[in-house]
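Structure first, commentary second.
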Amino acid sequence: VLESELIERYFVGRGARRADVALGIGDDAAVLRVPRGAQLILTTDALVEGVHFLPRTAPRSLGHRALAVNLSDLAAMGADPSWMVLSLVLPESDAAWLRGFSASMNALARRERVALVGGNLSRGPLSITIALAGLAPHGAALRRDEARVGDDLYVSGTLGDAAAGLELLRRAARRATAGGASGAQLQLQRRFEYPSARVALGRALRGVASACIDVSDGLYVDAARLLRASGCGADLEIESVPLSRALRSVFGAQAVRFALTGGEDYELCFTAAPRHAVAVSRLGQRLGVRLTRIARVRRGSGLTLTGLDAKSVTQFSASLFDHFGSRPRRAPRHRSR
Ligand SMILES: [Mg+2]
C-alpha cells in the first residue's frame, strides 16, 4: 500500500476542520493563516519504542499520548493548539495498528480543535513524532522565566500517578500476565497510557500566571527548571504536594517519591502573584481542576525540600539519583528548553 493511500485512509480530514487552513495535506507543505495580532507557538516531541514506551504498547494509547505530550507543551505556554504534522516510522504497514492509533489521535485532535495538516510515513523502528503549532495573542504566551520573588508556586491535579502507573505496567509485563489489577491500579495505569493535557487551564492562566511549565519529567525537576530560568528559589513543603487516593492506596509511603520524581503527569506547575490568588482559585473551580499552592518563590536559587528529617532527605536525594540513572527512557530525551 502506498504511503499516500495510508495517510488518506487514516488521517486526511479526520482531525478538526479549521477555516484557517488555506492548504492542508496533499501538497508539498501546508499553508496556514495566522490571525493578525497573534503569535505562532511551535513545539515537537517524539515517542520512541523502548525509550518512551514499552514494546507492544496498545496503538490507541500511543496515538493519544503522542498528541497529548505535545498539547501539554502548548498548554504550558498558554497557547490555543491549532495545527499539527505527524511523522510516523513503522516496522510494517499494519492496518489494525494504524486503525487504533489514528482513531485515538484523531479523536483527541478533534476535541482540542487541532487540524492535521501534513504527514509522513516511513519504514523503520517504531517512532512517532508530532510537531504542534498553536496561537496566542501577541505577548501573552506564558514562559518559564518570569516568576518573581513573592509569587505563589502552584501545581494542578495530583502528581506521581503516571509514573506509578508505568511501574505497574512494567511489573505486569515482567509477569506476562493480564488482569488482576485493582481499580486503583487501573486508574494509575490509565494516567500513564491516556494522559490529559491541561490545555484549558493553560489558556485561562494567560494574564494570571507569571511563569508556567508542564510536569513532564517530574515535579522536582520541572519546578526547579522554572525557578532556575526565573533566577529565583523556593522551599517546597513535601506534605503540600497533592497525591491521589489511588496512589496512596497502592504505594503507601512511596507515593511521595513518585509525586516528586515521577514524570509523565502533564500537569501544569505555575507561579502567580499573591494578588491573583482569588483569580487562581476561581479558575480552578470553574475548570474543575484542583490547584494546590505548594511554595512561595523566594530570593536565591534552587528548590529545597522541607518537611523531611535529615535522614529522609539523604535517602530521597539518593533515590532521585537512582531513579534517573536506572531509567533508560530519560537519557535520550531531547526537549526544547
Ligand atoms: Mg514542557
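Given the conditions (1) surrounded by fewer than 16 Cβ atoms within 10 Å (Cβ to Cβ); (2) under 21 Å from Ala204 (Cβ atoms); (3) acidic (Asp, Glu), report the number of the one that Glu112 does not fulfil.
(1)
From the list Arg56, Arg123, Arg143, which one is over 15 Å from the mean Cα position of the chain (by Cα) and within 16 Å of the ligand (Cβ to nearest atom)?
Arg143
Regarding region 251-258, can at least one residue be identified that is in a helix (DSSP H, G or I), touching a strand residue (DSSP E or B) at 6+ places or on another chain (Cβ under 8 Å) and surrounded by 23 or more Cβ atoms within 10 Å (Cβ to Cβ)?
no
In region 35-53, which residue that is in contact with a strand residue (DSSP E or B) (Cβ under 6 Å, 6 or more places away or on another chain) and within 16 Å of the ligand (Cβ to nearest atom) is farthest from Arg206 (Cα to Cα)?
Leu47
Would it be correct to say that Leu159 is at pLDDT 95 or above, surrounded by 24 or more Cβ atoms within 10 Å (Cβ to Cβ), outside any strand (DSSP E or B) and not acidic (Asp, Glu)?
Criteria met by Leu159.
Of the residues that make up region 229-250, is at least one in contact (Cβ under 8 Å) with a residue 24 or more places away in the chain, surrounded by fewer than 19 Cβ atoms within 10 Å (Cβ to Cβ), within 16 Å of the ligand (Cβ to nearest atom) and among the hydrophobic types (A, V, I, L, M, F, W, C)?
Among the residues of region 229-250, at least one is in contact (Cβ under 8 Å) with a residue 24 or more places away in the chain, surrounded by fewer than 19 Cβ atoms within 10 Å (Cβ to Cβ), within 16 Å of the ligand (Cβ to nearest atom) and among the hydrophobic types (A, V, I, L, M, F, W, C), which makes the answer yes.
Could you figure out which of (1) modelled with pLDDT under 60; (2) surrounded by fewer than 18 Cβ atoms within 10 Å (Cβ to Cβ) isn't true of His323?
Going through (1) modelled with pLDDT under 60; (2) surrounded by fewer than 18 Cβ atoms within 10 Å (Cβ to Cβ) one by one, His323 breaks only (2).
State all residues of region 261-272 that are in contact with a strand residue (DSSP E or B) (Cβ under 8 Å, 6 or more places away or on another chain) and closer than 21 Å to Arg190 by Cβ; if no residue qualifies, say none.
Result: Tyr266, Glu267, Leu268.
From the residues in region 244-271 that are polar (S, T, N, Q) and more than 20 Å from the chain's Cα centre (by Cα), which one is farthest from Ser216 (Cα to Cα)?
Top of the filtered list is Ser249.
All but one of (1) away from the ligand (no atom under 16 Å from the Cβ); (2) more than 19 Å from Leu135 (Cβ to Cβ) hold for Arg65; state the number of the condition that does not hold.
(1)
Would you confirm, using the coordinates I've provided, whether Asn120 is surrounded by fewer than 14 Cβ atoms within 10 Å (Cβ to Cβ), of a type outside the set (Ser, Thr, Tyr) and touching a Leu at 6+ places or on another chain (Cβ under 8 Å)?
yes
Looking only at residues that are within 14 Å of Ser156 (Cβ to Cβ) and assigned to a loop (DSSP other than H, G, I, E, B) in region 192-217, which one is farthest from the ligand (Cβ to nearest atom)?
Only one residue fits best here, namely Val208.
Give just the number: which of (1) crowded, with 19+ Cβ neighbours inside 10 Å; (2) more than 20 Å from the chain's Cα centre (by Cα); (3) among the aliphatic types (A, V, I, L, M) does Ala46 not satisfy?
(2)
Does Val221 meet the test of being at pLDDT below 95 and either of a type in the set (Phe, Trp, Tyr) or part of a helix (DSSP H, G or I) (or both)?
Yes: the conditions hold for Val221.
Here are Ala38, Ala22, Ala30, Ala76: which of them is free of Cβ contacts under 8 Å to residues at least 60 places away in the same chain, more than 20 Å from Arg99 (Cα to Cα) and of a type outside the set (Val, Ile, Thr)?
Just one listed residue meets the conditions, Ala22.
Working only within region 114-156, note down all residues that are over 30 Å from Pro55 (Cβ atoms), of a type outside the set (A, V, I, L, M, F, W, C) and part of a strand (DSSP E or B).
Those that are over 30 Å from Pro55 (Cβ atoms), of a type outside the set (A, V, I, L, M, F, W, C) and part of a strand (DSSP E or B): Gly134, Pro137, Asp152, Tyr154, Ser156.
The values are calculated or read from the model by the stated rules, or taken from the named source; none is laboratory data. It should be emphasised that the depicted structure is a prediction, and the values quoted were computed from it without experimental measurement. Backbone-built Cβ (ideal geometry, glycine too); neighbour counts: all protein chains shown.
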